[in-house]
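Below: one structure, written as C-alpha cells.
Nothing in this text is a laboratory measurement; each read-out follows from the coordinates by a stated rule. In this text, all values refer to a predicted model and were calculated from it rather than measured experimentally. For neighbour counting, all protein chains shown are included, and Cβ atoms are generated from backbone atoms with ideal geometry for every residue, glycine included.
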Amino acid sequence: MARTKKVGITGRFGARYGRKAKRQVKKIRPYVKRVSAGIWECKKCGTVFTGGAYVPETPMAKAATRNIKRVVGGN
C-alpha cells in the first residue's frame with residue numbers, strides 16, 4: 001500500500017474517518033504501541049498504561065482530565 005508524503009501513516013485509512021481523527025492518529029501513533037485491548041506502551045520510555053481498546057485515550061478520560069485541571073486551577 002503506497003503512502004504519500006502528505007498523509008503519511010494515515011494513508012491506510014483512505015477517504016474514511018475524517019480529517020480530525022486521522023490527524024490525531026498521525027500525532028499519537030509514532031509514540032505508543034498497542035500491547036493488547038486497552039493496554040498501551042510508550043515506545044520512547046517504556047511506560048505501560050491503560051486506555052481505550054483502539055485509542056490510547058478515551059473521550060471520558062479527556063473530559064475527566066479537563067475537569068480536574070479546571071477544579072485544581074481554580075483554587
>> Just want to confirm a number: the relative contact order over the range 25-73, from Cα pairs under 8 angstrom separated by 6+ residues, in percent.
In response: 23 percent
> To the nearest 20 debye, what is the magnitude of the charge dipole of the range 25-73 about its Cα centre, counting +1 on the Cβ of each Lys and Arg and -1 on the Cβ of each Asp and Glu?
Replying inline: 260 debye
> If you take the beta carbon distance between Thr50 and Lys26 as r and set R0 to 22 Å, what does 1/(1 + (r/R0)^6) give as a FRET efficiency, to the nearest 0.05?
Replying inline: 0.45
> Taking only Cα atoms, what is the 0 to 90° angle, nearest 10, from helix 59-73's long axis to the longest principal axis of the chain?
Replying inline: 40 degrees
>> Tell me which of Tyr54, Tyr31, Ala64 sits at the most positive position along the dipole axis of the range 25-73, charges placed on C-beta atoms (Lys, Arg +1; Asp, Glu -1).
In response: Tyr31
> How high is the FRET efficiency between Tyr17 and Val72 when r is their beta carbon distance and R₀ equals 30 Å, given to the nearest 0.05?
Replying inline: 0.35
> Once the Cα atoms of helix 19-28 and of the chain are each reduced to a long axis, what angle between those two axes, in degrees from 0 to 90 to the nearest 10, is obtained?
Replying inline: 80 degrees
>> More than 18 angstrom separation, counting every C-alpha pair in the chain; what % is that?
In response: 54 percent
